[in-house]
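Everything on this sheet refers to the single structure shown next.
The values are calculated or read from the model by the stated rules, or taken from the named source; none is laboratory data. These numbers come from a predicted model, not from an experiment. A quick note on method: Cβ atoms are made from the backbone with ideal geometry, for glycine too, and the neighbour counts reach across all protein chains shown.
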Amino acid sequence: MVRSVPATPKILVLNGPNLNMLGVREPTIYGKDTLADVEALCRKTAKGLGVAVDFRQSNHEGELVTWIQEARGKMAGIVINAGAYTHTSVAILDALSLSELPVIEVHLSNVYKREPFRHKSYISPVARAVLCGFGAHGYALALEGLAKMVKA
Ligand code: DHK
């Protein structure tokens, strides 16, 4: 009898503008971890959870939109730190909606302790959960929560 091996669920981890500068960018706000450190943490966490990650960063709104569209039907879910686009982008909100995937919104900093313009998120209405203020560890927590959702 041929048994099919269940495919490992794949999670898209998306990072928006300026997150390529982590480590040197305002470390008192965003921490000392570089984006490569965050990626390594995500890969290690995903391995322990039995999921795979596709980890990406772009400074371009349209590229993020395209990647979200491409995730539809292929990925099991999305963890997104859209950076400043969180507070401005209807296009990213629309792409996340059409993806029909579970979305976890992450921010390194506690945006509610910061400027009022950072208190508004266009992503939260379509997110299953929102994490902020845990620094890089927030990505690990997001993956843990999402893995539980996609395996349920
Ligand atoms: C990252 C950014 O780049 C900011 O524009 C957001 C978010 C907050 C973060 O905390 O990870 O306002």
ask   = Of the residues K151, K113, which is over 12 Å from the mean Cα position of the chain (by Cα) and modelled with pLDDT under 95?
value = K151
query = Can you find a residue in the stretch 37-53 that is within 19 Å of I104 (Cβ to Cβ), part of a helix (DSSP H, G or I), at pLDDT 95 or above and of a type in the set (S, T, Y)?
reply = yes
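How many residues does the stretch 79-135 hold that are charged (D, E, K, R), within 11 Å of the ligand (Cβ to nearest atom) and in a helix (DSSP H, G or I)? Lay out the reasoning, then the answer.
The first filter runs over the stretch 79-135 and keeps only residues charged (D, E, K, R), leaving 94, 100, 105, 113-115, 118, 120, 128.
In the following step, the residues that additionally are within 11 Å of the ligand (Cβ to nearest atom) were identified as 105, 113-115, 118, 120.
Pick out the ones that are also in a helix (DSSP H, G or I) and you get 113, 118.
Counting residues in the stretch 79-135 that are charged (D, E, K, R), within 11 Å of the ligand (Cβ to nearest atom) and in a helix (DSSP H, G or I) gives 2.
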query = Within the bounds of the stretch 133-145, is there any residue that is of a type outside the set (F, W, Y), modelled with pLDDT of 95 or more and at positive phi?
reply = yes
inquiry  = I'd like to check something: does the stretch 67-85 contain any residue that is over 16 Å from V13 (Cβ atoms) and buried (at least 17 other Cβ atoms within 10 Å of the Cβ)?
reply    = no
key: Index of the failed condition, Y122 passing every other in (1) buried (at least 17 other Cβ atoms within 10 Å of the Cβ); (2) over 17 Å from W67 (Cα atoms); (3) within 12 Å of the chain's Cα centre (by Cα); (4) not β-branched (V, I, T)   = (3)
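Being in contact with a His (Cβ under 7 Å, 6 or more places away or on another chain), in a helix (DSSP H, G or I), within 14 Å of the ligand (Cβ to nearest atom) and not basic (K, R), is that true of even one residue in the stretch 56-67? Explain how you work it out, then say what you get.
Initially, the stretch 56-67 is screened for residues in contact with a His (Cβ under 7 Å, 6 or more places away or on another chain), giving none.
Scanning the stretch 56-67 turns up no residue that is in contact with a His (Cβ under 7 Å, 6 or more places away or on another chain), in a helix (DSSP H, G or I), within 14 Å of the ligand (Cβ to nearest atom) and not basic (K, R).
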Check on L49, at negative phi and either buried (at least 19 other Cβ atoms within 10 Å of the Cβ) or in contact with an Asp or Glu (Cβ under 7 Å, 6 or more places away or on another chain) (or both) = yes
